[in-house]
Every structure is written in structure tokens, then in C-alpha cells.
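Participant: Dumping the structure here so I can ask a few things about it.
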Amino acid sequence: MQRQVNTIMTELLKIFPRYEFDKLENRHLSNYYTKYFSGWQQLIVLLFAQAGFKDSLREIETSLRVHQTKWYHIGLDNIKRSTLSDAMNRRSYQVYEGIFYKLLERCRSLTIKHPFRFKNPLYTLDSTTIELCLSLFPWARFRRRKGAIKLHYLFDHSGALPSFMTMTDGKCHDIRIAREDEKLDFDLLPDSILSIDRAYLDFEWFYTLNQRGVFFVTRLKKNAVFEVTGQHQESTHKTIVRDDEVLLSNPQSREKYPDSLRIVGVYLEEDDQYTEFLTNNFDLSSKTIADIYP
């Protein structure tokens, strides 16, 4: 009879809902034609490799064999790099993608909500350009002598967690991801509030958000042309300069977005800076609209 050994890996594996993982394996036939190396065992090996900064199959196999006496307690049987290589090539990624979203749901239930009084889900859509060495990554050509990829993400302010992330080449325009990514549409439910910068200013896309009941807040471009149709709400806050209801003046823009919009102007005396925000939300106060934009 083997003595029970508690390891850090044992504690780490308790985070993962085994029942949900088994359901995902059955759904995607993950263990079809598998003799002994299951998807769960592959998860254990990958966690070990990630935690130990192991970046080759040989290194993973050698390091695991050092701890062979503890395999039984975490559910491992036998590890060969050829078996791991076959599993990495053949086993569906969808099992691990699914368990990621299960863990994400659990994290969201434990983390704090956003600091505003309103209960609407609040998101920020943004991107980050990551420079790469062009000689090592020639496929990532960004400029003549530079390489780069771009990481696009939807940031959920409830818990400060990303709802989704996707990677493109460095030349991909931000609005292209906003228009085309299905995961973005999935996360942005009606009554969600989306904070975005001017790189996403596209009135046709804004109107699709409006039609779906999604609110947006963005900075207004200086060359934007509007027709003021009325003052939305008088504010007593000293930083609020204007709060107007407007329509787009340009015929082409009006065709893309025919409904009313709202402009909130804010002046910060300490920075001597005036900023105007554009939104389709007419319920929140002008100060809240200004504070939503990071």
C-alpha cells in the first residue's frame, strides 16, 4: 500500500473541475484510440512543464522521471516523449479551451465587481503591439526592419479578467477584429457597456452595437461633424462643459448611423485638457460617462 503524498501539483489539480473535464473529453472524443495516456494526464504534464519552464519534450520527460515515485499520487502512469508528441498532435485543443472557460467562470464568481453603481457589464476593447525579432520570426514582418504581432483583447472590469484574446499580425487594424470576431459578439450581451478608443471609431459598427442593445463610450475625433438637436441633461459637476444630444451631419455617416448620439465634454483644470466623449447611452450621468473611459 502506497503512502499518501501531498504535493503542490496535487493541490493545483484541485482547482480543475474533473467532472467538467471528463464531460469535455467525452464530447470531443478526446481519448478515442488512446491506450493509457488520457487527456487528464496530458493536462498534468503540461502544467508541470509550464510551472517548471520546460520547453522541450526531452526536458519534460527527464524532469518528470526525477519525481517518478510521486506519479501514482497525481494520476500519472508512464511518460514517453513520443507518446506526448503524438498526443500534442492528435488530441483536440477544444477540451483545454473548454476547461479554460469553466475556470474563467469560477474566477468571475469570486472576484470583485467594477467600481460603478450601475449593474451593466463593463468592458474595454483594446490591443497591444508586441515587437519581435524579425530574424527569428520572419513571418511577423511589421515594418521594413521590424517584426510584431498584435494582441487584441476584451477586458472585463468585473474581476479585471479578459473575456477573450486573439492574436493577429502587427498590421491588422483594430476595427477589423471588432467587426469580424464572433467571440466578441458572444460576450457583448444587451445592456453591456463597451469602452473603446478612437481606433475603433466606425459608425456602421457602432450602429450594429446599438441595434443589439450594447452601449459604447469612446473619445470623439476633432474632425467629426454633428448637428446638435438639444441639450441632454444639465450637470452640476464643475468638470462637465457640455452634454448634448446630436445627429451626424455627414450624409454618408448619417446613413451608417441614423439614430441620435450623445456628446459629453469634460474639462480638467489641473491638466488644462478638454475631452469630448461620444456614446449611445442616455441613462447614465455625464460624469459617469466620462469616468467610464479609462
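The values are calculated or read from the model by the stated rules, or taken from the named source; none is laboratory data. Please read these numbers as outputs of a predicted model, since none were measured by experiment. Don't worry about glycine lacking a Cβ; one is built from the backbone with ideal geometry, like all the others, and counts go over all protein chains shown.
Participant: Can you name the number of the only condition in (1) under 27 Å from the mean Cα position of the chain (by Cα); (2) surrounded by 14 or more Cβ atoms within 10 Å (Cβ to Cβ); (3) in a loop (DSSP other than H, G, I, E, B) that Ile15 fails?
Facilitator: Evaluating Ile15 over (1) under 27 Å from the mean Cα position of the chain (by Cα); (2) surrounded by 14 or more Cβ atoms within 10 Å (Cβ to Cβ); (3) in a loop (DSSP other than H, G, I, E, B) leaves (2) as the failure.
Participant: Okay, moving on. Is there a residue being closer than 22 Å to Arg198 by Cβ, in the same structural domain as Leu194 (by TED's automatic domain parsing) and at pLDDT 85 or above anywhere in region 138-148?
Facilitator: Yes, some residue in region 138-148 is closer than 22 Å to Arg198 by Cβ, in the same structural domain as Leu194 (by TED's automatic domain parsing) and at pLDDT 85 or above.
Yes/no per residue for (1) surrounded by fewer than 16 Cβ atoms within 10 Å (Cβ to Cβ); (2) without any contact (Cβ under 8 Å) to a residue 24 or more places away in the chain; (3) in contact with a strand residue (DSSP E or B) (Cβ under 9 Å, 6 or more places away or on another chain); (4) among the acidic types (Asp, Glu):
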| site | (1), (2), (3), (4) |
| --- | --- |
| Arg198 | yes, yes, yes, no |
| Ser235 | no, no, yes, no |
| Val241 | yes, no, yes, no |
| Pro251 | yes, yes, no, no |
| Val264 | no, no, yes, no |
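Participant: Can you report the number of residues in region 57-81 which are free of Cβ contacts under 8 Å to residues at least 24 places away in the same chain and more than 22 Å from Ile8 (Cα to Cα)?
Facilitator: The total comes to 2.
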